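A quick write-up on the structure given underneath.
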Amino acid sequence: MHNVDAIVCAEYSEFVSVESIKSAMQNAIEYLYPHNQVLNISILITTNKNITQLNTSFRGIKESTDVLSFSPKEMHMTAEEDNIFTEIEEDQLGDIVISYEEVESQSKAYHQSREEVLNFLLIHGLLHLSGYDHATVKERTEMQMQESTLLQHLNISNSIVSEMYEAHRLKG
């Protein structure tokens with residue numbers, strides 16, 4: 001069983017189930033990494049204000065976004081920190097941060113349930129941590145295929161995948 005830590009800001013706790021997030025991510029990680037040892041991932045569901053601060057600090061973009069993924073492989077550290085972290089890095093997938101205000105906004109804009117949007121963003125973030133990207137047409141096609149496959153595996157409608165790419169052009 002993988003270690004999935006999920007924190008939901010208090011104002012969204014009545015709308016978001018930590019247990020649902022943990023269960024979905026457990027299943028998705030097991031599907032993507034069937035032969036791996038226990039992996040660790042942290043998830044934070046937060047506000048636009050908080051995600052804007054993170055986006056500004058880590059990406060230099062002073063605006064809100066829907067999802068941020070922080071992979072330990074992409075962290076810039078001193079040589080000493082890198083040596084220490086390398087010992088524990090192998091089991092760390094990274095961190096995913098999602099703005100619940102963006103979930104609500106996209107839910108209305110794209111006529112999807114909040115749960116569908118949240119699950120899509122969780123999968124999207126997980127795939128970024130797993131090395132997928134959508135910068136080129138080829139990468140986007142491959143990532144969309146993986147998102148559809150993972151959502152189907154979790155018994156979640158995958159109709160959101162093409163809609164999010166077409167209408168939204170993804171912020172994260």
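The values are calculated or read from the model by the stated rules, or taken from the named source; none is laboratory data. Only a predicted model underlies this, so the values are computations on that prediction, with no experimental measurement involved. All Cβ positions, glycine included, derive from the backbone under ideal geometry; neighbour counts span all protein chains shown.
Which residue out of S148, S113 is in contact (Cβ under 8 Å) with a residue 12 or more places away in the chain and of a type in the set (G, A, S)?
S148
Can you tell me how many residues within region 1-23 are assigned to a helix (DSSP H, G or I) and closer than 17 Å to Y100 by Cα?
8
Mind counting the residues in region 110-125 that are of a type in the set (S, T, Y) and modelled with pLDDT of 95 or more?
0
Given the residues L150, L154, L129, which is the only one that is in contact with a Leu (Cβ under 8 Å, 6 or more places away or on another chain) and over 18 Å from T65 (Cβ atoms)?
L150
Return the residues of region 38-51 that are within 16 Å of S105 (Cα to Cα) and under 16 Å from the mean Cα position of the chain (by Cα); say none if nothing qualifies.
I45, T46, T47, N48, I51
Say we look at region 1-36 and pick out the residues that are surrounded by 15 or more Cβ atoms within 10 Å (Cβ to Cβ) and polar (S, T, N, Q); which of these is farthest from E104 (Cα to Cα)?
If we take residues in region 1-36 being surrounded by 15 or more Cβ atoms within 10 Å (Cβ to Cβ) and polar (S, T, N, Q), then N3 is farthest from E104 (Cα to Cα).
Could you please find all residues in region 3-31 being closer than 18 Å to T46 by Cβ and hydroxyl-bearing (S, T, Y)?
Selection gives Y12, S13, S17, S20.
Identify the residue in region 110-136 that is under 17 Å from L44 (Cβ atoms) and surrounded by fewer than 22 Cβ atoms within 10 Å (Cβ to Cβ) and, among all such residues, is nearest to the chain's Cα centre (by Cα).
Among them, the one singled out is H128.
Mind checking whether some residue in region 91-104 is modelled with pLDDT of 95 or more and surrounded by fewer than 17 Cβ atoms within 10 Å (Cβ to Cβ)?
Yes: region 91-104 contains one or more residues that are modelled with pLDDT of 95 or more and surrounded by fewer than 17 Cβ atoms within 10 Å (Cβ to Cβ).
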